[in-house]
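Values in this text are rule-based calculations from the coordinates and carry no lab data. Values in this document were obtained by computation on a predicted structure and should not be read as measured data. Cβ sites come from the backbone with ideal geometry, for glycine too, and all protein chains shown count toward neighbours.
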Amino acid sequence: MAVSTFQPLNLKMSKVITEKKGAVAHVILSNVPKMNAMTLEMWQALPVALESFDKDPEVRVIVVSGDGEKAFISGADISQFDKLRSTDDAQAEYNAAVNKAYMAPILCSKPVVAQIRGYCFGGGLGFAASCDVRICSEDAQFRMPAARLGLGYDPRGVKRFMDILGAANTADIFFSARRFGAQDALRMGFVSQVHPVSELVSKSAEYVQMVSENAPLTMAAAKFAIRQALQVESEQQLDLAKQMVKECFSSEDYKEGRKAFAEKRVPNFKGV
């Protein structure tokens, strides 16, 4: 088993770990003290890991999971927001890194499976939506909290949720910012399988082993066809949606959302 670890500069506890076991590659997101909240450096390392495995001819399928027992990804590391997302330029740089990470499973020619245990919130939910297949444990908890933070959400990401969940369910999770559990995720079609905690790893392994034995060219062709069918049709509408997102990040509500989150209180949004 080949094992490599990405440890970006200035990171002590957070990292992206990669392992290869035969035809199955594993990408493990590790920031255990913060329930695998994603730092900027982790967002940057994630596509590097996926691209590396995509180029490896021995790899047939890639599994992404969170380190430890508490979370897949609990969201973005909000402690970096004031420094890394407080200005338009900083926000643009941060968003570019996150969007590149989101696009990595989509652009990867090989199947990417999200193995989800525990919290899958915010950026974790967005990244899971970019994977081809999602398998979770019974204790998995999901949430899209953007409306609680005053965040604008990239329209391409919203479309990915619509492609999976449909318009009504997408509206529900974005408007309410509520938590929902594994069975709700299964009902909505966000996950394909739900397993007891004790069986998540073994059942996921059975599934990816089955996938790894299938014809690589057939899977690559199917994945490409699926991606083409899900393209955004109107560039004009996409540009307008992007502008609306930009306005969210320059709003007073965004400042209030960050402050309320840090102070663990209900935000007082004004719509400006």
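Indicate, rounded to the nearest 5 percent, the antiparallel portion of the DSSP beta bridges found entirely in segment 2-195.
40 percent
Measuring from label point to label point, each 7 Å out along Cα→Cβ, what is the Gln183 to Glu213 span in nm?
3.3 nm
Could you list Ser65, Ser79 so that the one with the fewest beta carbons within 10 Å of its beta carbon is first and the one with the most is last? Intermediate results must be reported in sequence, preceding the final value.
Numbers: Ser65 23, Ser79 12.
In increasing order of surrounding Cβ atoms, one gets Ser79, Ser65.
Is the shape of segment 146-186 best called rounded, prolate or oblate, per the rule: a/c under 1.5 gives rounded, else a/b larger than b/c gives prolate, else oblate, with a ≥ b ≥ c the square roots of the Cα gyration tensor eigenvalues?
On the way: a/c = 2.20, a/b = 1.18, b/c = 1.87.
Oblate.
Suppose R0 equals 35 Å. What FRET efficiency, 1/(1 + (r/R0)^6) with r the Cβ-Cβ distance, do Gln193 and Ile78 give to the nearest 0.05?
On the way: r = 31 Å, r/R0 = 0.87.
FRET efficiency, Gln193 to Ile78: 0.70.
If you take the beta carbon distance between Ala205 and Val32 as r and set R0 to 22 Å, what does 1/(1 + (r/R0)^6) give as a FRET efficiency, to the nearest 0.05? Mind showing how you got there, number by number?
Numbers: r = 22 Å, r/R0 = 1.00.
With a Förster radius of 22 Å, E is 0.50.
Using unit Cβ charges (K, R positive; D, E negative) and no other charged atoms, how large, in debye to the nearest 20, is the dipole of segment 113-272 about its Cα centre? Kindly include the intermediate steps, with their values, before the conclusion.
Working: 21 positive and 18 negative charges, 100 e Å.
I would put it at about 480 debye.
In what sequence do Thr87, Thr218, Thr170 fall when counting other Cβ within 10 Å, fewest first?
Details: Thr87 12, Thr218 9, Thr170 20.
The fewest-first ordering by Cβ neighbours comes to Thr218, Thr87, Thr170.
Taking only C-alpha pairs under 8 Å that are 6+ residues apart, what is the relative contact order of segment 153-261 in percent? Don't skip to the answer; put the middle values down first.
Values: 33 pairs, mean separation 38.3, N = 109.
Averaging sequence separation for qualifying contacts and normalising by length gives 35 percent for segment 153-261.
Neighbour counts of other C-beta atoms within 10 Å: give me Cys136, Cys120, Cys248 arranged from fewest to most.
Values: Cys136 28, Cys120 32, Cys248 17.
Sorted ascending by nearby Cβ count, the order is Cys248, Cys136, Cys120.
Hey, got the dipole for the chain? About the Cα centre, +1 on K and R Cβ, -1 on D and E Cβ, debye to the nearest 20?
Values: 33 positive and 31 negative charges, 89 e Å.
Around 420 debye, computed over the chain.
Which order do the peptides 157-163, 104-110, 258-264 come out in when sorted by mean C-beta neighbours inside 10 angstrom, highest first?
Details: 157-163: 18.4, 104-110: 20.3, 258-264: 13.3.
The densest-packed peptide leads the list: 104-110, 157-163, 258-264.
Is segment 15-140 rounded, prolate or oblate when judged by the Cα gyration tensor, a ≥ b ≥ c being the square roots of its eigenvalues, rounded requiring a/c under 1.5 and prolate requiring a/b larger than b/c?
On the way: a/c = 1.98, a/b = 1.34, b/c = 1.47.
Since a/c reaches 1.5 but b/c is at least a/b, the shape of segment 15-140 is classed as oblate.
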